[in-house]
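Worksheet for the structure shown next.
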Amino acid sequence: MNGGLRPVQTLTTLSDGFIGESACADIHLGKGEKYLYGSNRGENTIVIFSVGSDGKLALAGRIPCGGNWPRNFVIDPSGKFLLVGNQKSGDISLFRINEKTGIPEYKNDYKLTTPACLKF
């Protein structure tokens, strides 16, 4: 390459054996940048990677997004909560992020019409 970026690592965001159509939708670093979160439309999951000191990722977990077609998600400014806007099921799912594992734990759903973008 002539300057610029070069691939260092390639990982899947999908579960082993997943069959069907899916597309990544959103990606965010958690507070403290220890975990990287991504959403999968189709598989309807949030995937969590731990970030190593060398910047490489390792799978930490994967959870259901709480609805259908995660259009957008956000992590609140405190880093304690993750909210997912599920477009096709018309809800926002609220998760508390476990401080030790980085894994979001389901708390509640809020019904609305086709959420598309969440901001703090």
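The values are calculated or read from the model by the stated rules, or taken from the named source; none is laboratory data. Since we're looking at a predicted model, the values are computed, not measured. Note that we place each Cβ from the backbone using ideal geometry, even for glycine, and neighbour counts take in every protein chain shown. Keep in mind that these areas ignore ligands, DNA and RNA; they rest on the heavy atoms of the full protein, side chains included. Shrake-Rupley method; radii C 1.70, N 1.55, O 1.52, S 1.80 Å.
So what are the ³J(HN,Hα) numbers for the range 40-56, from phi and the Karplus equation (6.51, -1.76, 1.60; θ = phi - 60°), rounded to whole Hz, Gly and Pro as x?
Residue by residue, the range 40-56 yields 10, 6, x, 6, 6, 9, 10, 9, 10, 10, 7, 9, x, 5, 8, x, 7 Hz.
Whats the longest run of the chain with zero GluC sites (Glu not before Pro) that are DSSP loop and have at most 14 other Cβ atoms within 10 Å? Could you put the intermediate results ahead of the total?
On the way: sites that count: GLU21, GLU99.
Maximal segment without exposed cleavage sites: 22-98.
Which value in nm describes the separation of the simple spin-label points at LEU118 and LYS88, placed 7 Å from the Cα toward the beta carbon?
Between LEU118 and LYS88, the simple spin-label model gives 1.9 nm.
If the limit is 24 Å between Cα atoms, which of LYS56/LYS100; LYS31/LYS88; LYS31/LYS111; LYS56/LYS107; LYS56/LYS119 go over it?
As for pairs spanning more than 24 Å Cα to Cα, those are LYS31/LYS88; LYS31/LYS111; LYS56/LYS107; LYS56/LYS119.
Tell me the relative contact order for the range 1-71 as a rounded percent, counting alpha carbon contacts under 8 Å between residues six or more apart.
Normalised by residue count, the contact order of the range 1-71 is 24 percent.
In a GNM of the chain with a 10 Å cut-off on Cα contacts, which of THR101, THR12, THR45 has the highest mean-square fluctuation?
Residue with maximal mean-square fluctuation among THR101, THR12, THR45: THR12.
Could you check how much of the accessible area of the chain is carbon and sulfur, as a whole percent, using a 1.4 Å probe? Could the numbers behind the result be given before it?
Values: 3880 of 7360 Å².
Here carbon and sulfur together make up 53 percent of the probe-accessible area.
Starting from the alpha-carbon convex hull of the chain, give the projected area averaged over all orientations, in nm². Display every interim value, and only then the final one.
Values: hull surface 34.7 nm².
Its Cα hull, projected and averaged over all orientations, spans 8.7 nm².
So what does SER53 come to for accessible area, using a 1.4 Å probe and Å² rounded to 10?
130
Could you pull out every residue, at least 5 positions away or on a different chain, whose amide H is within less than 5 Å of the one on GLU43? Hs are placed 1.01 Å off N in the peptide plane, and Pro or chain starts have none.
Residues meeting the amide H criterion: ALA23.
Please report, to one decimal in angstroms, the Kirkwood hydrodynamic radius of the range 74-120 built from all distinct Cα-Cα pairs.
Details: mean 1/r = 0.0914 Å⁻¹.
Evaluated over the range 74-120, this radius sits at 10.9 Å.
In vacuo Debye scattering of the range 1-69, one point per C-alpha: log10 I(q)/I(0) at q = 0.13, 0.14, 0.16, 0.21 Å⁻¹?
The Debye formula, applied to the Cα set alone, gives -0.42, -0.48, -0.61, -0.92.
Before anything else, pin down the relative contact order of the chain: Cα pairs under 8 Å, at least 6 apart, normalised by residue count, whole percent.
Values: 281 pairs, mean separation 20.7, N = 120.
About 17 percent, as a whole number.
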